[in-house]
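Below is one structure, written out as structure tokens, with a few remarks after it.
The values are calculated or read from the model by the stated rules, or taken from the named source; none is laboratory data. Treat the numbers as computed from the prediction; the structure is a model and nothing was measured. Neighbour counts run over all protein chains shown; Cβ positions are idealised from the backbone, glycine included. Remember, those area values only see protein heavy atoms, side chains included, never the ligands or the DNA or RNA. Shrake-Rupley method; radii C 1.70, N 1.55, O 1.52, S 1.80 Å.
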Amino acid sequence: MKAEKIVLRKMSMTMKSPFQTSFGTQLVRDFMLVEVHTKDFVGYGECVVSGLPFYSEETVGTAWHMLEEFLVPMIFEKESISHPDDIAAMFAPIRRNNMAKAALDAAYWDLYAKQKGITLAKALGGTKDKIEVGISLGIEADINDLFRNVEKYLEQGYRRMKIKIAPGKDVHVIRALRERFGNIPMMADANSAYTLDDLEMLKQLDEFDLMMIEQPLAHDDIIDHAALQKELKTPICLDESIHSYEDARKAIELGSTRIINVKVGRVGGLTEAKRIHDLCQEKGIPLWCGGMLESGIGRAHNVAITTLPNFTLPGDTAGSSRYWKEDIISPYVEVAADGTITVPDAPGIGYTPVPELIEKYTTASKVVMRG
Ligand code: OSB
Ligand code: MG
């Protein structure tokens, strides 16, 4: 794969409704896209940063800097790239900046599959032609709005409800949902809002038979989570704490996590996501694919990675229309009435990025040519 041209884009898309977590509220998604152009194909990757460094330290500004100054020049130093795994190896000396790296890794995986004329799912070693999905629901000021959301997405067929919690919006919210909706598949995501001082409150959640509690403690912790897991019946699922295969290995070894949420951006790309997949399969740790409120392009990559066999729990890859009035791919990612997405069979990511729509939501771009 010989890149002739790489295009970097800053994107800004407004969601249908604000999404509130314990670390803030988002309505506008500022992120980046990268396009890798060869003579015959274009590979697309989404960089799932946001405007503010609250979920992770990376932002549009830091990712742009890393891509422009370091990552894209490294690609052009090579005559060509023979396999997308080489991208991860090439970027390894650069510390962290995983979302910036993942964007190019994803574009090369798309390119690789397109050149071979196969789906990205197949290129990654996927084994499913349908994936199961759930939905992530933000914190609502009025619990009736949350009730309405749960009702709406249950009706649409989503296979599990993930409820964002934060101090003051936790036990009573989960209790109210259990009382109203009965034994639906449900989990909670705290986005690091608690500490071990909240142990008694966290133990109260055990009563509600949640599938798991996601990232209750600090974003950079795997020690306290191990202590907490010993006290809880509910399985802990780490999100923010896992940036790599090594993080996953250590967290599993310590007993800090019984389930892992894999986000391609957070772990630095699809190659690393595959390594984590294989490790977790061997260790008996089930996975699901997390989301970063992606446009259709990042969403398509998430669909593809979820076809790997150890992604056994419904992920956060909801349909395009849950977020966007207008998505930048055709067709949209659609969730069927049974809560599944049928994996597309066109080569590469399988959904077609629409150049005019990409242009419409681009706020800045830079074209870098070989040589
Ligand atoms: O913690 O999983 C998270 C969105 C942005 C940042 C972090 C998270 C989320 C979500 C939404 O839960 C997942 C999605 O619908 O894309
Ligand atoms: Mg999370």
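Put Asp189, Asp198 in order of accessible area, highest first, and with a 1.4 Å probe you get Asp198, Asp189.
Under the simplified labelling scheme, the Leu199-Asp145 pair shows an inter-label distance of 3.6 nm, with each label point 7 Å from Cα along Cα→Cβ. Dimensions of the chain based on its C-alpha atoms, expressed as ranges along the principal axes with the largest first, amount to 61, 41, 36 Å. When Glu57, Glu246 are compared by accessible area of protein heavy atoms, the largest-first order is Glu57, Glu246, using a 1.4 Å probe. Among Tyr323, Tyr245, the order of accessible area from largest down is Tyr245, Tyr323, computed with a 1.4 Å probe on protein heavy atoms. Once the Cα-Cα distance is subtracted from the 0.36 nm per residue extended length, the Asn183 to Met15 segment shows a gain of 57.5 nm.
Quick note on the range 1-156: its Rg to Rh ratio, both from C-alpha atoms and Rh being the Kirkwood radius, is 1.04. Computed per residue of the chain from DSSP H runs no shorter than four, each worth -39500 (n - 2.57), the mean residue ellipticity at 222 nm is -9500 deg cm²/dmol. If the Kirkwood radius is taken over C-alpha pairs of the range 64-154, then at 37 °C and 0.692 mPa s the Stokes-Einstein diffusion coefficient equals 199 µm²/s.
At a Förster radius of 51 Å, what calculated FRET efficiency corresponds to the Cβ-Cβ distance of Asp338 and Ala227, to the nearest 0.05? According to the calculation, E is roughly 0.80. For the chain, a Gaussian network of Cα nodes joined below 10 Å ranks Ala336, Ala141, Ala190 by mean-square fluctuation, and the top entry is Ala141. Classified by the C-alpha gyration tensor, the range 106-253 has an oblate form. Its axis ratio a/c, with a ≥ b ≥ c, is 1.5 or above, and a/b does not exceed b/c. Computed from the Cβ-Cβ distance with R0 of 22 Å, the FRET efficiency linking Ser330 to Lys5 stands at 0.45.
Scanning residues 5 or more positions from Met11 or on other chains, those with amide H under 5 Å from its amide H are Phe31, Met32, Leu33, Thr363, with H placed 1.01 Å from N in the peptide plane.
Note on the range 123-342: the alpha carbon radius of gyration divided by the globular reference 2.2 N^0.38 Å gives 0.98. Solvent-accessible area assigned to carbon and sulfur over the chain amounts to 50 percent, based on a 1.4 Å probe. Annotation: Ile118 carries an accessible surface of approximately 40 Å², with a 1.4 Å probe and no ligand, DNA or RNA atoms counted. Here Arg370 and Glu282 are evaluated by their C-beta separation; at R0 = 56 Å the FRET efficiency comes out at 0.90. A probe of 1.4 angstrom, applied to the heavy atoms of all protein chains, finds His83 with accessible area near 50 square angstrom. For the residue pairs Lys16/Lys203; Lys39/Lys366; Lys2/Lys114; Lys233/Lys283, the alpha carbons lie more than 23 Å apart in Lys16/Lys203.
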